[in-house]
1. Would you check segment 339-457 for Lys pairs whose C-alpha atoms are within less than 18 Å, ignoring same-chain pairs closer than 8 in sequence, and give me the count?
2. Label residue 111 and residue 223 with points 7 Å out from Cα along Cα→Cβ: what is the distance between them in nm?
3. Provide 380, 140 in ascending order of the number of other Cβ atoms located within 10 Å of each residue's Cβ, fewest first.
4. Listing 226, 374 from the residue with the fewest other Cβ atoms within 10 Å to the one with the most, what is the order?
5. Could you please state, rounded to a whole Å, how far the C-alpha centre of segment 383-425 is from the C-alpha centre of segment 133-179?
6. Assign unit charges at the C-beta atoms only (+1 for Lys and Arg, -1 for Asp and Glu), then state the dipole size of segment 21-234 relative to its Cα centre in Debye, rounded to the nearest 20.
7. For segment 127-214, which trypsin sites (Lys or Arg not before Pro) pass both filters: DSSP loop (anything but H, G, I, E, B) and at most 11 other C-beta atoms within 10 Å?
8. Using a simple charge model, +1 on the beta-carbon of Lys and Arg, -1 on the beta-carbon of Asp and Glu, nothing else, what dipole does segment 211-296 show about its Cα centre, in debye to the nearest 20?
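A short reminder: the numbers here are calculations on the coordinates, not readings from a lab. Source: prediction; values computed, not measured. Cβ placement follows ideal geometry from the backbone for every residue including glycine, while neighbour counts extend to all protein chains displayed.
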Amino acid sequence: MANYCSKWINSKNLFFRFFPWSLIFVFLTNIDSGLFAGSLITEPLGSIQSKALNGDAHYQGALALFHKFGERGLAIDLQEAQRWAKLAAEKEGAIGLCTLAALSLESGKTNRGQFLYDEAYLHSNLLALAKSKDPLALYCLGMIEMDNPPRNTSKAIRHLEASAEKGFATAQATLGMIYFTGIGVKKNASEAIKWCSRAAREKLPLGMFYLGMAYSIGDGVERNDDYSIRWIRTAADRELVMAQLTLGMKFATGDGLNKNLEYAVSWLHRAAAGGSTEAKLQVRKYENHLERLRNPPASYVPDEQNRAISTLAETSLPTKDLNSSLSMALNKQPNDISEEDKIAFDSVDAAMALLTIDKDTEKAKNLLENVALDGNPIACRQLAIINYKENNFKDAKKWFENGAKKNDPESLRYMGILYFLGQGVDQDYPVASSWLTKAAQVGDLEATRYLRIVEQFY
């Protein structure tokens with residue numbers, strides 16, 4: 001699959017030397033199946049979580065898949081994906097088996113991955129489900145036909161399109177990548193943009209990332225660095241590792257934004273923590289470079305570019321309207337944010353770099369506080385977490401509460417935890433339950449787990 005993906009590479013762009021195209025194969029092998037109707041695409045996430053907690057293997061497998069890709073507004077969480085996949089696989093749930101197979105392949109356990117992959121295909125009712133037009137089953141079948149010999153590309157595309165038309169965002173993003181690269185089909189940038197736009201609109205990190213890459217090289221849309229960075233940054237915030245790696249390398253090389261090694265190292269650290277081998281290699285390189293810039297030899301005289309490395313990244317707002325084809329796909333400007341919001345994003349990045357690289361908690365807190373006071377939920381949450389880890393529960397509560405007002409799932413969950421444990425507040429189980437319920441309603445699975453514990457106390 002990596003050979004196909006290389007067709008999309010612009011060799012003149014330094015960034016592409018570092019892009020892990022081989023990871024695409026991993027994503028394309030993350031397939032699933034299930035014994036439920038297409039309602040999983042529209043069924044409330046809370047209902048899916050509840051059925052999974054009650055032991056339904058199909059819903060457990062679906063949650064594994066959703067966490068793997070960041071479906072239904074969930075952040076990508078490979079540990080949660082692994083946990084739910086194992087629970088489903090223990091009951092011979094096909095979705096769980098397929099997700100475990102993909103995770104095994106990702107970690108280099110090829111034989112185990114292929115065994116689980118075959119088990120899921122051979123010992124489940126995948127074909128029957130696909131015949132009933134179940135979108136997850138259609139997706140599974142399409143990917144099996146695409147990846148397993150003998151390859152049947154035309155049938156694979158039909159099944160993937162059927163899944164995508166039913167609203168499965170992962171199938172939409174996969175189709176977008178296929179049409180971008182020309183895997184088994186004639187390359188079609190318009191179709192690629194259409195499907196990636198639909199996936200991005202469903203808040204799927206992979207769709208956002210592909211759309212950002214299209215803007216980065218001008219494939220199907222007019223090249224626009226500002227739109228590219230916005231989409232890639234959003235995917236990176238949702239824990240898509242290759243988006244984090246890409247953003248780190250863009251900061252490192254100055255591709256589409258101002259060069260900033262502090263930000264580069266911070267994002268590369270996040271990608272490395274997510275399992276990216278390439279990020280681990282690159283973070284060492286740029287950490288060493290950064291150290292030399294901060295502690296140069298006596299004879300070293302920094303140039304003007306190096307003097308500006310520690311400044312905040314500044315990217316100008318686009319002067320041209322969005323490409324009409326994409327406007328029609330989204331019916332709105334993508335990821336529209338104000339100049340104030342852009343500054344807030346930059347400030348949060350700067351604060352996280354201070355924490356990651358300099359270990360300067362006080363400076364990070366001061367920077368975050370300036371942004372949090374303006375109501376940025378990410379800044380509120382990060383500031384609250386810092387205070388929470390310092391056992392400063394009073395300030396932690398204040399900032400979690402501010403984040404909760406913006407409906408931030410983690411902030412809502414932590415408010416419940418504070419009241420459950422009596423940290424900085426009087427212990428109150430009903431109030432804890434109320435906060436956790438709100439968190440669960442916006443898709444926080446951890447909150448659902450805490451709810452079950454809290455309910456035992458009152």
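1. 17
2. Once both label points are built, they end up 4.7 nm from each other.
3. 380, 140
4. Arranged by neighbour count, lowest to highest, 226, 374 become 374, 226.
5. About 42 Å separates the Cα centre of segment 383-425 from the one of segment 133-179.
6. Values: 23 positive and 22 negative charges, 44 e Å.
Charge dipole of segment 21-234: 220 debye, to the nearest 20.
7. For trypsin sites (Lys or Arg not before Pro) across segment 127-214 that sit outside H, G, I, E and B with at most 11 neighbouring Cβ atoms in 10 Å, the list reads 186.
8. That gives a dipole near 280 debye.
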